Amino acid sequence: MSTSSRWWCGALVAIALAANPVSALAQWLDYKAPGVPRTASGAPDLGAPTPRTPDGKPDFSGMWFANVPAKDYCKEAGCIQEERMAREQINLGIKLEGGLPYTDWSREQMVARRANGGREDPHTYCKPPNFPRAWTLPQYIKIVQTPSLMVLLHEFNAAYREVFLDGRPLPEDPNPTWNGYSTAHWDGDTLVIETNGIRDDMWLDIQGSPVTESARVTERLTRVNYGLMSIEIAVDDPKAYTRPWSVTIEMAAQVDTTMLEEICLDDEQDVELFR
Amino acid sequence: MNRRGVRGLLLVGLSLAVGTVARAHHSQSEFDLDAKVEVQGTVTKLEWKSPHGRLYVDVKNDKGETVSWNFELPSPNTLMRRGWKRDSLKAGDAVIVTGAPARNFPTIAIATAIKDGNGNALFTGTTPVLEPAPIQGEP
């Protein structure tokens with residue numbers, strides 16, 4: 001996008017927001033939270049150093065959204081924007097040369113699901129925002145970190161996920177669930193989350209990349225600075241993929257805002273449109 | 001909504017729109033995104049529910065009959081982050097709504113732009129999400 005287009009985009013956003021003022025009393029959408037590093041102007045200093053817990057570990061606590069620069073979505077002067085959406089939401093392997101290494105079975109599944117317009121997507125039916133797909137969905141995630149437990153809250157269906165840092169082993173014969181069973185340990189400043197026990201019927205992305213109960217998922221979280229988190233997602237699932245693979249996504253810290261629930265079953269109407 | 005502000009926008013020849021929306025919940029293949037519908041009518045209800053807000057608009061068809069259109073919007077949490085409130089549009093408001101139609105339902109569409117009865121654009125498609133600073137050493 002050209003510099004002038006960017007200028008117009010910024011100007012339009014500013015004008016439009018001025019025309020649509022958000023009340024200071026509307027939830028806490030613009031509440032300046034304490035503890036956020038700020039510049040002299042009072043704006044969040046997103047380039048500030050990684051915050052740390054009292055024991056010196058990186059602190060991932062806070063709200064996060066897929067790092068999707070707005071400029072990627074301004075296609076014309078006037079900046080008529082689409083929903084911000086991580087490209088990995090459609091295809092988790094979009095940055096991998098050759099894409100995900102599907103087995104014949106899983107490629108067949110993905111191709112059929114894709115050809116079917118996603119009408120079988122569990123997400124359409126308001127199923128839980130399963131990780132690792134949940135990182136790429138366009139709702140906010142809140143991380144609450146303690147020395148022995150990390151809790152991830154997701155706006156979609158007001159869902160939660162627990163990650164234990166208390167030294168417990170992964171279960172040996174887990175009952176499969178939407179988020180599976182997660183433990184974590186530190187590798188320097190990177191938090192390494194190991195997960196097993198996820199369900200066979202989950203999708204990794206909109207196009208329907210499968211994942212099975214045999215999967216072992218490893219997420220390596222690194223808080224690069226105050227405003228940015230990098231997550232390497234590694235999947236070892238011999239039933240669905242010919243070899244282990246990994247992709248790296250980025251999450252952007254969101255401050256001075258609040259979680260807003262999105263309960264999908266409240267008024268789901270799109271399933272009917274697929275008939 | 002500050003109507004005077006919106007008129008000011010039109011004076012400089014700009015047009016704001018909601019933008020293609022609603023990918024939060026599904027693939028959108030139930031809509032024909034290459035097609036376009038535009039209707040002019042009267043708001044009967046702004047439904048403030050998840051996973052999608054909905055704008056119901058009564059429209060007179062060629063025969064003079066009133067037809068109720070159902071326009072899909074983003075979820076309320078997304079709308080609120082774009083500056084909407086649950087009463088941003090009220091029953092009786094005159095609107096012109098543009099959208100992509102559902103493939104198999106003649107009066108359902110996903111909204112892409114909403115204007116008032118005079119053609120003045122309302123709202124934007126922008127979610128003001130914070131973007132992190134570049135990592136040191138990167139362009």
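Details
- Residue count for region A:35-52, restricted to those that are in contact (Cβ under 8 Å) with a residue 60 or more places away in the chain and more than 23 Å from the chain's Cα centre (by Cα): 1
- Screening A:E268, A:E194, A:E213 for residues that are modelled with pLDDT of 95 or more, part of a loop (DSSP other than H, G, I, E, B) and surrounded by fewer than 20 Cβ atoms within 10 Å (Cβ to Cβ) leaves exactly one candidate, A:E213.
- Residue satisfying condition, being surrounded by fewer than 21 Cβ atoms within 10 Å (Cβ to Cβ) and within 28 Å of B:P76 (Cα to Cα), within set A:Y125, A:Y181: A:Y125
- Within region A:51-70, tally of residues that are within 14 Å of another protein chain (Cβ to nearest Cβ), assigned to a loop (DSSP other than H, G, I, E, B) and either at positive phi or surrounded by fewer than 17 Cβ atoms within 10 Å (Cβ to Cβ) (or both): 1
- When restricted to residues that are away from chain B (no Cβ under 11 Å) and either charged (D, E, K, R) or within 30 Å of A:Y31 (Cα to Cα) (or both), region A:223-260 contains 7.
- Exclusive hit being among the acidic types (D, E), farther than 25 Å from A:L228 by Cβ and surrounded by fewer than 16 Cβ atoms within 10 Å (Cβ to Cβ), set A:D173, A:D187: A:D173
- Answer residue from region A:130-170, given it is within 14 Å of chain B (Cβ to nearest Cβ) and assigned to a loop (DSSP other than H, G, I, E, B) and is surrounded by the fewest Cβ atoms within 10 Å (Cβ to Cβ) among those: A:A158
- Any hit, region A:101-124, residues being hydrophobic (A, V, I, L, M, F, W, C), at pLDDT 95 or above and in a loop (DSSP other than H, G, I, E, B): no
The values are calculated or read from the model by the stated rules, or taken from the named source; none is laboratory data. Keep in mind the model is a prediction, meaning the values are calculated, not measured. Backbone-built Cβ (ideal geometry, glycine too); neighbour counts: all protein chains shown.
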